[in-house]
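Visitor: Below is one structure. I have some questions about it.
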Amino acid sequence: MTTGVRRRMGVAERRQQLIGVALELFSRRSPDEVSIDEIAAAAGISRPLVYHYFPGKQSLYEAALRRAAEDLAHRFTERHEGPLGARLLRVMRRFFDFVEEHGPGFAALMRGGPAAGSGTTSAVIDQVRRAAYEQILGHLGVTDPAPRLRLVVRSWVSLAESTALIWLEGRDVPRAELERQLVHDFAVLVAVPAAYDEDMAAVLARIMRDEPADGPLGDLVGRLVALAPQAVSAASGPQSASAASGPQSVSAASGPQAVSEASAARVPQQRA
């Protein structure tokens, strides 16, 4: 029995080694371009031995994908402490770390290439997206999200994914700028429905309440407020621009706190 246990442990260890080798190869090139012979050579074993542990390349790919998916899902995990903007920025940095480490494989997977076409593969991808979705809701302190909030969070997860894919094509935009931009994108996706939905206005107020003026979201507010008079001027002429920059407008110096108070003030007005 002891011998049997040792043998089973050896098999498990060998399988894990093969998964690690395959994941490394799939990360550097599209899974369709990687052969079983290459995997065997990189692992230092024979081709028949690879088939002894896995029925074929697709099953090995799926095992490697599950390991990568666990890693990616873990990168969305963040302590629920401090301003949301800073938390999301840390998440985006870890997300792009993963994208860089697994570039070609990540692109092939998310674009649905032939090697990624099985139901098992699709289910693994959906699990990652679901994990990211639930993590973001956790940061918002929401357990039963309203329909608009569900739409916002899912849209943002998809946006992060598509942005990473486009970035991999040429890396024309500095990575750090994209990470910050995606945090700003999240705030904007919340702010648009907050303009006419009281539940979303309350979510926006909670987000902005603790945001420092020098944080990612505070920076966005300052930039948008500074642009507002110019936008009004371009659309409506000098008189509207003067009114927009008057004493009742939210100044750049007011920062996130003023936005939070304005959003919170809207909630009872809509219920009246």
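The values are calculated or read from the model by the stated rules, or taken from the named source; none is laboratory data. Quantities reported herein were computed from a predicted structural model and do not represent experimental measurements. We place every Cβ from the backbone using ideal geometry, glycine too, and count neighbours over all the protein chains shown. Heavy atoms of the whole protein, side chains included, go into the accessibility calculation; ligands, DNA and RNA do not. Shrake-Rupley method; radii C 1.70, N 1.55, O 1.52, S 1.80 Å.
Visitor: Using a 1.4 Å probe on the protein chains only, how many percent of the accessible area of segment 51-180 belongs to carbon and sulfur?
Guide: Roughly 52 percent of what the probe reaches on segment 51-180 is carbon or sulfur.
Visitor: Please list HIS74, HIS80, HIS102 from largest to smallest accessible area, probe radius 1.4 Å, with all protein chains kept in place.
Guide: My answer, sorted largest first, is HIS74, HIS80, HIS102.
Visitor: Next question. What value does segment 21-149 have for Rg/Rh, both radii from Cα atoms and Rh as Kirkwood defines it?
Guide: That ratio equals 1.07.
Visitor: Kindly report, to the nearest 10 Å², the accessible surface of ASP71 as traced by a 1.4 Å probe over protein heavy atoms only.
Guide: Per-residue accessible area (ASP71): approximately 50 Å².
Visitor: If we sort 51-57, 212-218 on the protection proxy, mean other Cβ atoms within 10 Å, highest first, what's the order?
Guide: Put in order of decreasing packing, that is 212-218, 51-57.
Visitor: Work out, step by step, the length gained on full extension between ARG223 and LEU151: first 0.36 nm times the residue separation, then minus their alpha carbon distance; give nm to one decimal.
Guide: Taking ARG223 through LEU151 to full extension adds about 23.3 nm, to one decimal.
Visitor: Ignoring ligands, DNA and RNA, what accessible area per residue does segment 29-97 give at 1.4 Å, in Å²?
Guide: In whole numbers, segment 29-97 has 47 Å² accessible per residue.
Visitor: Could I ask something else about it? With a sphere of radius 14 Å drawn around the Cβ of ASP219, what net charge do the other residues whose Cβ falls strictly inside it have (Lys, Arg +1; Asp, Glu -1)?
Guide: So the environment of ASP219 carries a net charge of -3.
Visitor: Please compute the length gained on full extension between ARG93 and GLU198, using 0.36 nm multiplied by the number of residues separating them and subtracting their Cα-Cα distance.
Guide: 34.6 nm
Visitor: Suppose the chain between GLU24 and ARG209 were pulled fully straight at 0.36 nm per residue; how much longer would it get relative to their current alpha carbon spacing?
Guide: 62.3 nm
Visitor: For ARG79 and ASP32, what does the FRET efficiency come to when R0 = 35 Å and r is the distance between their Cβ atoms, rounded to the nearest 0.05?
Guide: Taking R0 as 35 Å, the efficiency between ARG79 and ASP32 is 0.35.
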